[in-house]
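Undergrad: Starting off with a structure, shown below.
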Amino acid sequence: MPTILYNTNSSLISKYRRSNSSKPYKRLLSKKGHIRLNSKSIRDTCEREFDYARNSGIDNSFQSEFEKDSVEYLRDLCSSVFPNSLHQRIRSLEVLPDLQINAFFALIFQNYIKSWYGVKIPTDDSKFLTELYNVVQDLIAYMKSSKINYNDLLLDYIPYLLSSHLKALKDPSLSEDLVFEHYSKLTLYDSKRYPTLFTDIIQRKLKTRSLLQRSFLDSFLNELVFGRIIDSIMEPYYLLEGLNRICMKVKLNSSMNIKQKVVYSKSNYSSWWSVSKVKQKISQMARLVSYSTSIKSPNIDNTSVPEIPFLQRYVFSLFTDDFFKLSMRKPFLFSMCRTLQHWISKSNNLNKFMYNMFGNIIRTKITSPMTIGNFFSSLRHSMFPNDNMMGPPKEVPIGDAFLEFREECICNLWDVCKTYKLARTLAIERSDIADLVICLSKNRDCNKLLLYKIIDCVVAQLI
């Protein structure tokens, strides 16, 4: 078991020691006058620091002479956390997405590393923070240079995981206590695999010989990142809240489109020949041409057309068979879809056209520096509202309040289906929407395991 040694003869120890700090630790004095802490002590320390960072002190906003989220503001934020030796490197970072990513990790390090490293363990050594900064830069560079097969990842692997997830949770006879046990058996879950697999990969990437750093990172990743933070993210309430927001946005866009159609109908000119309508059609055609044209990207391998036809990817079976069950509800429509799928798959030009369009949508909508930068900026705002301490957790409704919120989510999703006439076209019923929402909100641990498997697929693409 890894051990950590630090000097107990320093006069600063009593200054920074809490009155109850000796209770959780079993202190063993070595021959050299050091205190030896095992990895369990480090894990307990991380848990206390997590609670302490949330519950103590006043969360004052980060002070900077520049406007919040500006380039200069983010540089000041990173420079306030990392040592002076790194300030020149911080000023040379690319704005998108490198600076946004480093600003997020700077606040993570400030709350859960600088709160004890150099304070509770007095030291002027900045090598630990410098190493962590280098790890973040190596990770960013590795992600940029890695070629990810998004065709397999997004069209086959993740849809298959979603299909297995929904099928495993559809048994209504199981009690809440047996849901995860039943789910684990159906998905062949190995309890020793996650999150130790991800932690070991990061530890090997760090290549540190320091027992302090290794023990801390092990507890930091397993207990905090892959423990409490992912537990909060995969809480069923937050999943339903995200789904509810998407539905509300879709309904708002639909209502705006209806208002525009009413305005066009009242105009003296035909809707097709109105200037704005013509511009809209030209814009849509230009976007279609740009998406269908092959554009090279450093981390997308689009040099050749995959052997598997685009329409025979698993994602289409996920919708036609698992979600909509067209073979039972709309057999004629299902046979038409299968026929078109068969004949279109035989055309190499159409397959190349669809693969190019899909790859360029991924490049512009998901993996673009702007999208990644905005994602980390939103994550930073939600976790650290004032760019200082972690904000308080949102109260999650339980009992009748949660059931009421879940019913609201079902109603909104059903309204979206009716707006786009999916109920009539695909024979979807309200009970189908209710079953889907109930599956998503049935068990947090099942959702967490699904996320672990998705991360596992991403890691397999990167290694």
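Undergrad: Go through the residues of region 118-134 one by one and say whether even a single one is within 20 Å of PHE62 (Cα to Cα), aromatic (Phe, Trp, Tyr) and modelled with pLDDT under 90.
TA: Within region 118-134 (the criterion being within 20 Å of PHE62 (Cα to Cα), aromatic (Phe, Trp, Tyr) and modelled with pLDDT under 90), the answer is no, since none of the residues qualifies.
Undergrad: Also: For region 353-382, which residues satisfy the criterion of being in contact with a helix residue (DSSP H, G or I) (Cβ under 9 Å, 6 or more places away or on another chain) and over 21 Å from MET143 (Cβ atoms)?
TA: PHE353, MET354, TYR355, ASN356, MET357, listed by residue number.
Undergrad: Tell me which residues, restricted to region 355-387, are under 22 Å from ILE108 (Cβ atoms), free of Cβ contacts under 8 Å to residues at least 60 places away in the same chain and hydroxyl-bearing (Ser, Thr, Tyr).
TA: Across region 355-387, the qualifying residues are THR371, SER378, SER382.
Undergrad: Can I ask one more? In region 403-424, is there at least one residue being under 22 Å from PHE180 (Cβ atoms), of a type in the set (S, T, N, Q) and touching a residue at least 60 places away in the same chain (Cβ under 8 Å)?
TA: no
Undergrad: Within region 197-248, restricting attention to residues that are over 15 Å from the mean Cα position of the chain (by Cα), in a helix (DSSP H, G or I) and of a type in the set (Lys, Arg), which residue is surrounded by the fewest Cβ atoms within 10 Å (Cβ to Cβ)?
TA: ARG204
Undergrad: Give region 335-376 a look and list any residue that's aromatic (Phe, Trp, Tyr) and either buried (at least 18 other Cβ atoms within 10 Å of the Cβ) or more than 27 Å from ALA427 (Cβ to Cβ) (or both), or say none.
TA: Kept after step one, since they are aromatic (Phe, Trp, Tyr), are these residues of region 335-376: 343, 353, 355, 358, 375-376.
Matches in region 335-376: PHE353, TYR355, PHE358, PHE375, PHE376.
Undergrad: Please count how many residues of region 323-344 are assigned to a helix (DSSP H, G or I) and closer than 20 Å to SER163 by Cβ. Don't jump to the end; show me each part of the working.
TA: Start the filter on region 323-344 by keeping residues that are assigned to a helix (DSSP H, G or I), which leaves 323, 326-329, 331-344.
With closer than 20 Å to SER163 by Cβ added as a condition, the list becomes 323, 326-329, 334, 337-338, 341.
Summing the residues that are assigned to a helix (DSSP H, G or I) and closer than 20 Å to SER163 by Cβ in region 323-344 gives 9.
Undergrad: For region 75-190, give me every one of the helices (runs of 4 or more DSSP H) that falls completely inside it and has 3 or more residues that are closer than 29 Å to SER210 by Cα and hydroxyl-bearing (Ser, Thr, Tyr).
TA: Working: elements: 87-91, 100-112, 127-145, 158-168, 179-186.
Because the criterion is at least 3 residues that are closer than 29 Å to SER210 by Cα and hydroxyl-bearing (Ser, Thr, Tyr), the helices (runs of 4 or more DSSP H) in region 75-190 that meet it are 127-145.
The values are calculated or read from the model by the stated rules, or taken from the named source; none is laboratory data. Note that this is a predicted model, so its numbers are computed, not measured. We place every Cβ from the backbone using ideal geometry, glycine too, and count neighbours over all the protein chains shown.
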